[in-house]
Amino acid sequence: MDAIRHETAVTEQGKEEFRAAYVAIIGRPNVGKSTLMNRLLQQKLSIVSPRPQTTWHRILGIRNLPQAQLLFLDTPGMHKSDAVFNQGLVRSARRAMADADIILWLLDASRPEDPDDQLILEQLREGKPTRATVILALNKVDLVEKPLLLPMIDRWREACPVAEIIPISATKGDNLARLESVLVQHAPVGRPFYPPEELSDRPERFFIAESIREKVFGLLHEELPYAVAVQVEAVRAREGRDLTDVEATIYVEKASQKAIVIGAGGQMLKKIGTLARPEIEAMLETRVFLRLWVKVLEGWRTDQAALKRFGYLEP
Ligand SMILES: Nc1nc2c(ncn2[C@@H]2O[C@H](COP(=O)(O)OP(=O)(O)OP(=O)(O)O)[C@@H](O)[C@H]2O)c(=O)[nH]1
Ligand SMILES: [Mg+2]
């Protein structure tokens, strides 16, 4: 990433003031919200996949800078849906918007015409559910021909009264230093909300479960990844040894899905474990013995109690 220069507030006495802001990263599914948060944090916190609706929770990621603390909220993609599960996702994104000082609205510049973008635009125009400063980032500019970019920026400037419009590429890192400096400029003056060593408010078990879910997204096809929830049952360090036992259950909705997740001779489940284990080892900084189970929880995506248990319905 480029060297980052920070604009800082200067008081009348010439002393720089610290700034702190909750920055909700919102946008329709698959525009690159999680990729962007990971890149800004220089740490992989949120799972990423080429499919829409990968992120299912609001995830806090803390960026500590010399003169500011930016509290990024990665959110599920905003979209129209009648399903209980999807409405839970959208509600969680709206909650993050309501909590934010700054809304970082992400568009996919390579696919700029999408009805779900219009939905978000209407909400922001009405000032609902927020009155925060809105910054619009046009992501994936690496996929857009340069001459198309300026007219696109002009079009969005007319359509939406936002504080700034910044073209970026979350995967390539283009313009992210500028984005960060703009976020700091718009952050309110205030003390940090978290001690500087903290990276998130989620427990380690959450990130273990997410790592396993990401592998399911990568390895399984069609609707199956959307039928999978992961719960970590145990994380036990073995005394005096550089080894931790981790046990997790992969829940599916139907018996037929269970057979696919396990695979012939257990091959699929083995693959999931083989890919997730090194990530969990890096997270826990020990070797890991990972045990995975697959269980059927009939129709969990429409079951309020199950949705609450997996943390997909916020109170
Ligand atoms: N070419 C290109 N691809 C990108 C860029 N940013 C993200 N992507 C890709 O877009 C896809 C979706 O990225 P995610 O970060 O999972 O998107 P998201 O907005 O978090 O998606 P949901 O969680 O489903 O709402 C992935 O395949 C990313 O690699 C970018 O700047 N350029
Ligand atoms: Mg995401």
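Quote to one decimal, in nm, the extra length available between A234 and D82 on full extension: 0.36 nm per residue of separation minus the C-alpha distance between them. Write out the running numbers ahead of the final one.
On the way: separation 152, 0.36 × 152 = 54.72 nm, distance 3.48 nm.
Difference between extended and current length: 51.2 nm.
Taking each pair of distinct Cα atoms in region 218-315 once, what is the resulting Kirkwood hydrodynamic radius in Å? Working shown, then result.
Details: mean 1/r = 0.0686 Å⁻¹.
After inverting the mean inverse Cα-Cα distance, the result is 14.6 Å.
In this simple spin-label approximation, K128 and A163 carry label points 7 Å from Cα along the Cα→Cβ vector, and these lie 2.4 nm apart. Across the chain, Cα pairs under 8 Å and at least six residues apart give a relative contact order of 18 percent.
What does the charge count around T249 come to, taking other residues whose C-beta lies under 9 Å from its C-beta (Lys +1, Arg +1, Asp -1, Glu -1)?
On the way: positive: K295; negative: E233, E247.
It works out to a net charge of -1.
If each residue of separation counts as 0.36 nm, what is the full-extension length gain between R155 and R291 once their alpha-carbon separation is subtracted? Could the numbers behind the result be given before it?
Working: separation 136, 0.36 × 136 = 48.96 nm, distance 5.20 nm.
Gain in length upon complete extension: 43.8 nm.
Suppose every K and R has +1 on its Cβ and every D and E has -1 on its Cβ; what is the size of the dipole of the chain about the Cα centre, in Debye to the nearest 20? Let's see the in-between values first.
On the way: 43 positive and 43 negative charges, 146 e Å.
Computed charge dipole of the chain: roughly 700 debye.
Scan region 224-315 for GluC sites (Glu not before Pro) in coil per DSSP, keeping those whose Cβ has at most 13 other Cβ atoms within 10 Å, and list them by number. Passing sites in region 224-315 are E239, E285, E298.
Projecting label points 7 angstrom from Cα along Cα→Cβ for E197 and D245 puts them 2.9 nm apart.
Per-residue extension of 0.36 nm, minus the Cα-Cα distance of R205 and Q304, leaves a gain of 33.4 nm for this segment.
Which loop-located trypsin sites (Lys or Arg not before Pro) does region 222-270 contain, where loop means any DSSP state but H, G, I, E or B and the Cβ has at most 16 other Cβ atoms within 10 Å? Don't skip to the answer; put the middle values down first.
Values: sites: R236, R238, R241, K254, K258, K270; in loops: R238, R241, K254.
Those satisfying the criteria are R238, R241, K254.
Over all Cα atoms in the chain, the spread is summed up by Rg and Dmax: 20.6, 71 Å.
Beta bridges from DSSP with both residues in the chain: antiparallel share about 35 percent, rounded to the nearest 5.
Comparing Cα centroids, region 209-223 and region 14-66 end up 21 angstrom apart.
Selection among A237, C160, P203 by position relative to the dipole of region 107-253 gives C160 as farthest towards the positive end (Cβ unit charges, Cα centre).
Qualifying GluC sites (Glu not before Pro) in region 159-209, where qualification requires a DSSP coil assignment and no more than 13 other C-beta atoms within 10 Å, comprise E197, E198. Annotation for region 286-315 versus region 98-118: alpha-carbon center distance of 29 Å. The mean sequence separation of alpha-carbon pairs under 8 Å and at least six residues apart, normalised by the residue count of region 72-204, gives a relative contact order of 21 percent.
Since every read-out is calculated from the coordinates, none of them should be taken as a lab result. These numbers were taken from a predicted model, which means no experiment stands behind them. Methodologically, a virtual Cβ is constructed for each residue, glycine included, from the backbone with ideal geometry; neighbour enumeration extends over all protein chains shown.
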